[in-house]
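Following: one structure in structure tokens, then a few remarks.
What follows is calculated from the coordinates using simple rules that are stated; it is not laboratory data. As the structure is a prediction and not an experimental result, all values here were calculated from the model. Note that we place each Cβ from the backbone using ideal geometry, even for glycine, and neighbour counts take in every protein chain shown.
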Amino acid sequence: MTKAPLLEVENLTTQYPVRPGLTERLARRPRLWVHAVDGVSFSLARGEMLALVGESGCGKTSTAQTILRMVDPASGTIRLNGTDITALSQQQLRPLRRKLQMIYQDPYESLDPRFRVAAAIEEPMLVHGIGGSRAERRQLIIAALDRAGLSPAEQYLERYPHELSGGQRQRVTIAAALVLSPDLLLADEPVSMLDVSVRAGVLSLLDGLRRDGNMGILMITHDLSTAAHFADRIAVMYLGRIVEQGPAREVVRNPQHPYTKALLSVVPKPDPRQRSAPQILQGETPNPVDLPSGCRFHPRCPIAIDRCSAEDPPLREPAAATSAGHQAACLLA
Amino acid sequence: MSLLEVRDLHVWFDLPHGSPVHAAAGVSFALDEGERFGLVGESGCGKTTTVLALMGLLPPTATLAGEVLVNGRSILAGGEDSVRAHRWTDVAMVFQGAMNALNPVKKVGWQIAEPMAFHGVARGAAARRRAGELLELVGIPAAAGERYPHEFSGGMRQRAAIAMALACQPKILLADEPTTALDVMVQAQILDLLTRLSSELGLALVLVTHDLPVVAQVCDRAAVMYAGEIVELGPMDALYHAPRHPYTRMLFAATPDLYGEGKVASIPGTPPRLDRDIAGCAFRPRCDSAFAPCAGEHPELSPVQPGHEAACHLTRQLAGEGSPA
């Protein structure tokens, strides 16, 4: 029996208007748009972790914000548990919000410094009307802290964020999401602000939650090594598009898109004997206001041919794919 | 004689209340021309404090002990007066977040030329010409010197910050987390640039970072710091393939490897407070191999192989077992 995936995103497009300057306004130039997300499609099952990988400005955070409807999509559909939530009003979305929770990058910013741990976790319950009594809520808070790996939970309840380490703070924000028993966690660079020695712990926590919590996790990261280790599938984004996606192992070991290949080649390896020659792309990602024609990677692509500047390649299974579900958007793959 | 030698460097920071924080506790290392040396550790381990001390740029609340020698001459002994003669001309630094510290209202070329006049390296047209050459050296067209920082991308601003540090032809470049805020592709470009500069100009590079793989790719040797001390120092290859301090081993085990199959394991616990005396080994509460002597006796950095040192009782115990009774 096949169930509807937890999250289905189809052809999602998000645009931000560019505020025109005085000269543009006087010359009545047409309004410009930043094409932050430009035709992104993917799906996520329960118990699965999908990593959205790419450089800054590639649209990975905009994708998450659009799924959460913090930003309205310009087109496309978002389905949660089979229900189309793209057109719902903010009021209609409210009961669904507890099913969609976000973990932010910086636990030093995302916790209110004046809230004790217990209050920080109680707040979302009050908003969503969970837990009838104070005592019941306290039980839920303790259970969530335990699940987030802060035990004995009683020791943390009355502490303030400044009394916690970065890793502990991030666990508190995870606990604050868990009390709502969400179906989908969106984790935006959940460990990039943490020290190396505690990162693995927070990532293993997320890994465990989706395995036994029946939860789907969309992790946004720029760190391919982390994605390779913890995600089931990886989707690589470039300039608002997914250029390659597939099972994590397949994408890392058998990359087919030249951008993925370049990105993988520059990931520093901890073994000094593996000093491979990195394939360094010149320049930086072009401006998402004025997208290149054809394949948007062609101006920086080391193997581009003439056709690449004219044809926009769709995501399709590459000839050299060795696992099901591997897709790349390259004319030559 | 080494180009740079740090001998038993200690730094204490006075706090308004409570006892001073011992941020660097007996740091010693040496490096030669053209060598690339990594200083690795987590936040608060004393790596930035160490390099700021080399520049003589610690705040007035800091108390310093130990010696820093450049070409055999002590640069810190005479306080600000003696260090000023070396700062930027012998030892230069790319600060953490330097790319965001450029003056937004001055052209980039002007900002690179300014310290040259101050240090008597060049002035006027000559300084401007040299600023252009430096920009070319770091991979930016000389003409871009006429532009303002906001017209530069992050990677270009970081290159400009490196050019600025090179303005007075230093022999030693200290780079504090030079790629932390950058994307992997830009990080690769900057690391490539630093490697090239050190081999082409014979610059000795001290790369300060929390990122072990970055050090592994760039540096020949590295020191791993924990709680203000160097706990292991040696060739990068030995640190990865034959680490002798459990902290080094556990730090590598906590670092995901792109092609790694093994489990990534975090290190339990948190680093100790540095405002009180630490009995025994500072890493003991988090160590997976601690045994009786670790609680009472502080392990000193001692050689395990030529050029490879570790501060761990285990290595001494192993050495003791290996030698004939």
Mean other chain Cβ within 10 Å across B:216-229 is 2
Residues whose modelled amide H sits under 5 Å from the amide H of A:Arg316, counting only those 5 or more places away in sequence or on another chain, are A:Ala328, A:Ala329, A:Cys330
As a percent rounded to 5, the proportion of antiparallel DSSP bridges among beta bridges in the protein assembly as shown is 60
Mean separation of Cα contacts under 8 Å (at least 6 apart) over the residue count of region B:115-224, i.e. the relative contact order in percent, is 22
Each residue of A:223-233 has, on average, a number of other protein chain C-beta atoms within 10 Å of its C-beta equal to 3
Computed from the beta carbon distance with a Förster radius of 45 Å, FRET efficiency for A:Asp146 and B:Ser2 to the nearest 0.05 stands at 0.25
With label points set 7 Å from each Cα along the Cα-to-Cβ direction at A:Leu88 and B:Thr180, the distance between them in nm comes to 4.0
Answer check: region A:1-93, Cα atoms, Kirkwood Rh, Rg/Rh ratio of 1.09
Taking Cα pairs closer than 8 Å and at least 6 residues apart, the relative contact order of region A:135-264 in percent is 17
Dividing the mean separation of Cα pairs under 8 Å (6+ apart) by the residue count of region A:1-100 yields a relative contact order in percent of 37
Rounded to the nearest 0.05, FRET efficiency between A:Ile280 and B:Gln169 (Cβ-Cβ, R0 22 Å) equals 0.25
Computed about the Cα centre, the charge dipole of region A:58-111 from +1 Lys/Arg and -1 Asp/Glu charges at the Cβ has a magnitude in debye, to the nearest 20, of 240
The answer for B:His308, listing residues at least 5 apart or on another chain whose modeled amide H is closer than 5 Å to its amide H, is none
Counting only backbone N atoms under 19 Å from a point 7 Å out along Cα-to-Cβ of B:Ser74, the residues of region B:40-54 in range are B:53-54
Which of A:Leu178, A:Leu32, A:Leu203 fluctuates most in a GNM of chain A (C-alpha springs under 10 Å)? That residue is A:Leu32
Sequence order, region B:211-223: Karplus ³J(HN,Hα) from phi using 6.51 cos²θ - 1.76 cosθ + 1.60, θ = phi - 60°, Hz rounded, Gly and Pro as x, gives 9, 4, x, 4, 5, 4, 7, 9, 9, 7, 10, 8, 10
Two pseudo-spin positions, 7 Å from Cα along C-beta at B:Asp275 and at A:Asn254, lie apart in nanometres by 5.7
1/(1 + (r/R0)^6) with r = Cβ-Cβ of B:Ala117 and A:Leu291, R0 = 56 Å, i.e. FRET efficiency to nearest 0.05, evaluates to 0.80
Kirkwood-based Rg/Rh on the Cα set of the protein assembly as shown evaluates to 0.98
Between the residues A:Leu291, A:Ala228, A:Gly246, the Cα farthest towards the positive end of the dipole of region A:205-333, that dipole coming from +1 and -1 charges on the beta-carbon of Lys, Arg, Asp and Glu, is from A:Ala228
For A:Tyr16 and A:Tyr108, extending 7 Å from Cα along the Cα-Cβ vector and measuring point to point gives, in nm, a value of 2.3
Longest chain B segment clear of GluC sites (Glu not before Pro) sitting in DSSP loops (not H, G, I, E or B) with at most 15 other Cβ atoms within 10 Å runs B:34-260
Ranked from fewest to most other Cβ atoms within 10 Å of their own Cβ, B:Val27, B:Val83 fall in the order B:Val83, B:Val27
The set of residues whose placed amide H lies less than 5 Å from the amide H of B:Arg221, leaving out same-chain residues fewer than 5 positions away, is B:Arg36, B:Gly38, B:Met236
For region B:166-171, in residue order, the Karplus 3J(HN,Hα) values (coefficients 6.51, -1.76, 1.60; θ = phi - 60°; whole Hz; Gly and Pro = x) are 8, 3, 9, 6, x, 9
Given the candidates A:Ser309, A:Tyr16, A:Leu203, the one whose Cα lies deepest towards the positive end of the charge dipole of chain A, counting +1 at each Lys or Arg C-beta and -1 at each Asp or Glu C-beta, is A:Tyr16
Karplus ³J(HN,Hα) for region B:80-95 (6.51 cos²θ - 1.76 cosθ + 1.60, θ = phi - 60°; Hz, whole; x = Gly/Pro) runs 4, 4, 7, 6, 4, 5, 9, 4, 6, 7, 9, 10, 10, 9, 9, 6
Most packed first (mean Cβ within 10 Å per residue), the peptides A:33-46, A:51-64 order as A:51-64, A:33-46
